[in-house]
Every structure is written in structure tokens, then in C-alpha cells.
Amino acid sequence: MATKRMNESWQQVCGQIAAIWSEADFNEKEMKKARGNMRKMVQLIHDKTGEPRSEIFQKISAII
């Protein structure tokens, strides 16, 4: 369900991700690959920031 909501409000989600993890540099290609897939998005953010996956998941869940 969260994945569906993430896909439906993609521009808003991208903006929120950029705001929360402003120190990470997400390019458009990477973001498109993860679009609509919560696990891929969490992994992408984890790879860029080193933040624990559980915390990333909680933050993304709160914005969608």
C-alpha cells in the first residue's frame, strides 16, 4: 500500500526525500529506478547516507 501511494504522489515524495536527506545527491536516473518500490528507495537512501534502513522506512512512511 505504501508503495502504491509513493508512486501516485511521486513529485511530492521526491521533494520530501530531497529535503530530509539534503546531504545526499540523488540523480534523476536513480530516483526513477526506485519509483514505486519502497524497498529500492530505502536501499538507495541507505547506500547514499548509511542511515539504518528501519529509520529510512519510518521517515518515508511518514511522508506518504
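Tabulated data for the structure shown
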| quantity | calculated |
| --- | --- |
| The chain - percent of accessible surface contributed by carbon and sulfur, probe 1.4 Å | 47 |
| For the chain, convex hull volume per residue from C-alpha positions, Å³ | 69 |
| Relative contact order (%) - the chain, alpha-carbon pairs under 8 angstrom, separation at least six | 40 |
| Vicinal HN-Hα couplings computed from phi for the stretch 16-24 (Karplus, 6.51 cos²θ - 1.76 cosθ + 1.60; Hz; Gly/Pro x) | 5, 4, 4, 6, 5, 10, 5, 6, 8 |
| Whole-number accessible area per residue in Å² for the chain, which is evaluated in the context of all protein chains at 1.4 Å | 66 |
| Label point distance in nm, residue 10-residue 26, each placed 7 Å from Cα along Cα→Cβ | 1.3 |
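The values are calculated or read from the model by the stated rules, or taken from the named source; none is laboratory data. As the structure is a prediction and not an experimental result, all values here were calculated from the model. Neighbour counts run over all protein chains shown; Cβ positions are idealised from the backbone, glycine included. Remember, those area values only see protein heavy atoms, side chains included, never the ligands or the DNA or RNA. Shrake-Rupley method; radii C 1.70, N 1.55, O 1.52, S 1.80 Å.
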